[in-house]
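All of the numbers you see were taken from the coordinates with simple rules; none came from a lab. Since we're looking at a predicted model, the values are computed, not measured. Here Cβ is always computed from backbone atoms with ideal geometry, including for glycine, and neighbour counts include all displayed protein chains.
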Amino acid sequence: MTETKRALWDRFVDRFVDTADPISLFETSADGTVDTIAYGRSGRRTLRRGERMERKLREAGGRVVADYDRREGRYEGLVYMMYTLDGDEVVPRYLGKCGKFGASGTDLNSNLKNVDTNDGKLARWGYGNYYHFGDLSSAAFRDDGSGKYDRWVEALFALTDPPRLREPVYFWVEPWAVGTEGPYPDTRPYLEELEYQLIGIAFELYPERLLNTEGVPTNPAAYAEMRGWTDREDARLSDF
């Protein structure tokens, strides 16, 4: 761990994440047992999103959709984080994004369509197959999800029947505005670049706790230099 990375991470968290009133990712009882719902035509057992989390995500997604509809070009999409707390310290467990545009580059991302009502996709945190809650639930209850989510189950849950968390798990989301300064001073990354920056810093600080598998740098120093993140003395990444 380096002091440079710690300072960059703490500065970003201080700017964006409200640790005084964190939002629970799951709907849970007092002992950390996660509520479940019967989802879909088959009524498959599915972990339930936290009510505040769902409300916050729909609101944030709605801002991006409104921006798309009005052709204002203010937001690029959503950046989000699943995290835990060590005291006041934010420990990132998963970082990701949901861009405003789909594969065509012009149409609205299908993950954001009907974001105020769609339960299956919901900006990638949906209950459907191939979405975070859907596949995490499959891994927890049916052992038929993506191997990626097996790691999530092991890291987050002490038990799966009933599903009980090892510790509280929280959620943060932000509509990412064009021109917003990222974690590195005087950089204003595009959403995709922001995701890589945050994953890179988080991996350096929390390599055993971060659950991302995509976007984790194999040669972070060279990548940072290529992307032009090493120009400032106070943001030197030679120790990345």
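Table for the structure above
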read-out	value
Subset of the stretch 111-137 that is surrounded by fewer than 21 Cβ atoms within 10 Å (Cβ to Cβ) and polar (S, T, N, Q) - its residue that is nearest to residue 167 (Cα to Cα)	129
From the options 196, 190, 170, residue that is within 17 Å of the chain's Cα centre (by Cα) and free of Cβ contacts under 8 Å to residues at least 60 places away in the same chain	196
Selection within the stretch 102-112 - without any contact (Cβ under 8 Å) to a residue 24 or more places away in the chain and at negative phi	102, 103, 104, 106, 107, 110, 111
Residue in the stretch 173-185 that is touching a strand residue (DSSP E or B) at 6+ places or on another chain (Cβ under 9 Å), crowded, with 17+ Cβ neighbours inside 10 Å, in contact (Cβ under 8 Å) with a residue 24 or more places away in the chain and aliphatic (A, V, I, L, M) present	yes
Those residues of the stretch 109-124 which are under 15 Å from residue 175 (Cα atoms) and in contact with a Phe, Trp or Tyr (Cβ under 9 Å, 6 or more places away or on another chain), in sequence order	109, 111, 112, 122, 123, 124
Any hit, the stretch 92-110, residues being out of contact with any strand residue (DSSP E or B) (no Cβ under 7 Å at 6 or more places or on another chain), surrounded by 20 or more Cβ atoms within 10 Å (Cβ to Cβ) and of a type in the set (Phe, Trp, Tyr)	no
Of all residues making up the stretch 114-138, the number that are among the aromatic types (Phe, Trp, Tyr), in contact (Cβ under 8 Å) with a residue 24 or more places away in the chain and not in a helix (DSSP H, G or I)	2
Subset of the stretch 139-156 that is surrounded by 14 or more Cβ atoms within 10 Å (Cβ to Cβ) and free of Cβ contacts under 8 Å to residues at least 24 places away in the same chain - its residue that is nearest to residue 212 (Cα to Cα)	149
All positions within the stretch 174-210 that are acidic (Asp, Glu) and within 19 Å of residue 78 (Cβ to Cβ)	174, 181, 192, 193, 195
Pick from the stretch 68-91, criterion more than 17 Å from residue 191 (Cβ to Cβ) and in contact (Cβ under 8 Å) with a residue 40 or more places away in the chain, ranking: surrounded by the fewest Cβ atoms within 10 Å (Cβ to Cβ)	88
Sole residue being buried (at least 16 other Cβ atoms within 10 Å of the Cβ), over 29 Å from residue 184 (Cα atoms) and β-branched (Val, Ile, Thr), chosen from 23, 37	37
